[in-house]
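The values are calculated or read from the model by the stated rules, or taken from the named source; none is laboratory data. These numbers come from a predicted model, not from an experiment. So basically every Cβ, Gly included, is an ideal-geometry build from the backbone, and we count neighbours across all protein chains shown. Note: accessible area is taken over every heavy atom of the protein model, side chains too, but ligands, DNA and RNA are not part of it. Shrake-Rupley method; radii C 1.70, N 1.55, O 1.52, S 1.80 Å.
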Amino acid sequence: MRPTIRQHPSPNFGARRDGLRPELVVIHYTAMETAQAAIDWLCNPEAEVSAHYVICEQGQITQLVAEDMRAWHAGMGEWQGRDDVNSRSIGIELANRGDHPFPEPQMTALETLLRGIMARWGIGPAGVIGHSDLAPGRKIDPGLRFDWRRLEIQELAERRGNDRGPREAAMSQFREIAKSRGYTASVDDETLLAAVRLRYRPWARGPLIAEDFTPIGHADLWT
């Protein structure tokens with residue numbers, strides 16, 4: 001069932017380019033003090049940014065741009081070797097400064113919204129990503145406190161790998177595996193590792209280790 005959605009149209013949108021349609025959902029946080037402040041900014045023509053939806057801490061969903069139109073939320077970046085992510089995606093902003101957990105009503109509303117979007121556009125769990133995934137080194141949202149596992153359990157995001165990793169962690173192998181999972185942006189090894197960890201192992205520090213392969217690993221590389 002589609003949730004009750006408040007309408008607050010933003011002027012910051014355009015047509016999707018080259019006949020593209022949504023195949024991704026990109027999750028962001030607003031990094032602003034209130035949801036309304038974020039909505040005001042995303043609806044300001046001078047800002048030249050927008051998103052399709054904003055979800056406040058209490059779970060209220062506000063739609064700014066129609067799903068079939070191109071909102072301006074992803075900026076420069078790429079996923080699975082494809083650029084112009086704005087034309088390929090639906091953007092969801094969660095009201096959060098980036099330094100505190102995401103409240104239960106907000107996560108519940110996100111889950112309901114995701115189910116509808118994924119059904120309407122035929123988007124699978126692998127198509128739900130974070131801003132940090134498509135723009136490693138440039139963006140960190142939805143950040144360390146976002147509960148990706150919660151979405152994975154409900155098949156609202158791609159499940160991470162099983163609990164075994166290869167015996168030897170080689171950066172070249174890690175880069176190839178990460179690339180096959182969508183991390184194709186041209187960044188150095190350190191930035192790539194940080195982006196993957198931000199999604200799957202946000203507490204991890206230091207050099208690459210076997211456990212970094214766990215969420216993205218391929219069975220044919222396990223020994």
Task: Residue-count net charge about Gln36 - beta-carbon cut-off 15 Å; Lys, Arg +1, Asp, Glu -1 - done: -2
Open item on the list: Show log10 I(q)/I(0) for the stretch 74-133 at q = 0.16, 0.25, 0.29 Å⁻¹, two decimals, from a solvent-free Debye sum over equal Cα scatterers.
Closed with: -0.61, -1.20, -1.31
- [ ] Take the solvent-accessible surface of the protein heavy atoms, probe 1.4 Å, and return the percent of it on the chain that carbon and sulfur atoms account for.
- [x] 52 percent
Open item on the list: For the chain, what does the helix formula give at 222 nm: sum of -39500 (n - 2.57) over DSSP H segments with n ≥ 4, over the residue count, nearest 500 deg cm²/dmol?
Closed with: -8000 deg cm²/dmol
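Would you mind working out the accessible area per residue for the chain, using a 1.4 Å probe, and quoting it in Å²? Numbers along the way, then the final one.
On the way: 10640 Å² over 223 residues.
Heavy-atom SASA per residue in the chain reads 48 Å².
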Open item on the list: Can you compute the charge dipole magnitude of the stretch 14-130 about its Cα centre, using +1 on each Lys and Arg Cβ and -1 on each Asp and Glu Cβ, nothing else charged? Give it in debye, rounded to the nearest 20.
Closed with: 440 debye
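Considering only the other residues whose Cβ falls under 10 Å of the Cβ of Leu94, what net charge follows from Lys and Arg at +1 and Asp and Glu at -1?
Details: positive: none; negative: Glu57, Glu93, Asp141.
With Lys, Arg at +1 and Asp, Glu at -1, the neighbours total -3.
Quick one: which of 126-133, 200-207 comes out on top by average Cβ neighbours within 10 Å, and what's the full order, highest first?
Numbers: 126-133: 22.5, 200-207: 11.6.
Listed from highest to lowest mean packing, they are 126-133, 200-207.
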TODO: Just the Kirkwood number for the stretch 87-190, please: inverse of mean 1/r across all distinct Cα pairs, in Å, one decimal.
DONE: 15.5 Å
Task: Neighbourhood net charge (14 Å Cβ-Cβ; Lys/Arg +1, Asp/Glu -1) for Ala185 - done: 0
Open item on the list: Shape verdict for the stretch 1-155, please, from the Cα gyration tensor: rounded (a/c under 1.5), prolate (a/b greater than b/c) or oblate.
Closed with: rounded
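Highest mean first, how do 35-42, 181-188 rank when packing is the count of other Cβ atoms within 10 Å averaged over residues? Working shown, then result.
Working: 35-42: 18.6, 181-188: 17.1.
Output ranking for 35-42, 181-188: 35-42, 181-188.
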- [ ] Tabulate in residue order the Karplus-calculated ³J(HN,Hα) for the stretch 190-198, using 6.51 cos²θ - 1.76 cosθ + 1.60 with θ = phi - 60°, rounded to whole Hz; enter x for Gly and Pro.
- [x] 4, 5, 4, 4, 5, 5, 5, 5, 4
